[in-house]
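Worksheet for the structure shown next.
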Amino acid sequence: MKAIVYTQYGPPDVLRFTEAAKPTAKDDEVLIRVRAASVNPLDWHVMRGKPYIMCMMGGLRKPKSARLGCDVAGQVESVGRKVTQFKPGDQVFGGAIGIGAFAEYVCVPESASVMKPDRMTFEQAASVPVAGLSALQGLRDKAQVQAGQKVLINGAAGGVGTFAVQIAKSLGADVTGVCSTRNVDLVRSLGAARVIDYTQEDFTKSGQHAGGC
């Protein structure tokens, strides 16, 4: 199969488009024919090997794995013998650090995969895993946001922020989003009751208090 690989840390020109061995699903994995993969800041940090903790995770002097890409959407090609939720032909999305999604095929743990809703495109689904899960874990699991609470989301127009606004709204929170001028209408359309343009107003001096995200 074709894949994007890298063998050293550095700028984007360390990436190479090459032939690689097609992976085989382990017992608890699904082999996915990639239809879309998204790029997020995690991939950029891993590629550069910065900050230092990324080197500790991925290899001190050079990458342990030559493959990049954490988020993927596609069709199930085959499944491991312990997989019960999926079958060949299913349209799925998901991801995990180090799976190497920038390729024609990728293996993903069954536990890190979900069925793709019919109304979503592969491109839309591939944009969800890292950013969407970060927002969900932060709001629902860690902050345990409840209906009626006030939540302020700084960076509300970013990858995690756009998911956070919608998730907080769905949990019944009174959402305030912070973003730049050009994104005010976007953040409001996602469900924020109030939007603060940080180029015009310092939200830290508003006198209001909310749970931060």
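All of the numbers you see were taken from the coordinates with simple rules; none came from a lab. Since the model is a prediction, treat every value here as computed from it, not as a measurement. In this analysis, Cβ positions are derived from the backbone assuming ideal geometry, glycine residues included, and neighbour counts consider all displayed protein chains.
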(message) Run the paramagnetic zone check for D90: 7 angstrom along Cα to Cβ, then residues of the range 107-133 with backbone nitrogen under 15 Å.
(response) 107-118
(request) Quick one: compute the contact order of the chain, relative version, from alpha carbon pairs under 8 angstrom and 6+ residues apart, as a percent. (result) 17
(request) First measure r as the distance between the Cβ atoms of A21 and D141, then evaluate 1/(1 + (r/R0)^6) with R0 = 41 Å and state the FRET efficiency to the nearest 0.05. (result) 0.65
(message) How would I4, I99, I32, I196 line up from fewest to most surrounding beta-carbon atoms within 10 angstrom?
(response) I4, I196, I99, I32
(request) Just flag the trypsin sites (Lys or Arg not before Pro) in the range 110-213 sitting in loop per DSSP whose Cβ has no more than 14 other Cβ atoms within 10 Å. (result) R119
(request) Specify the residue with the greatest mean-square fluctuation among Q137, Q91, Q166, computed from a Gaussian network of the chain linking alpha-carbon atoms under 10 Å apart. (result) Q137
(request) Mind sorting out which of (i) 1.34; (ii) 1.08; (iii) 1.15 is the real Cα Rg over 2.2 N^0.38 Å computed from the coordinates? (result) (iii)
(request) Tell me what the chain gives for mean residue ellipticity at 222 nm when only DSSP H runs of n ≥ 4 count, each as -39,500 (n - 2.57), the sum divided by the residue total, rounded to 500 deg cm²/dmol. (result) -5500 deg cm²/dmol
(request) Take the cross-link list K2/K82; K22/K142; K169/K205; K2/K169 and give me the ones stretching past 32 Å between alpha-carbons. (result) K22/K142; K2/K169
(request) Would you mind calculating the gained length between Q166 and K150 on full extension (0.36 nm times residue separation, minus the Cα-Cα distance), in nm to one decimal? (result) 4.4 nm
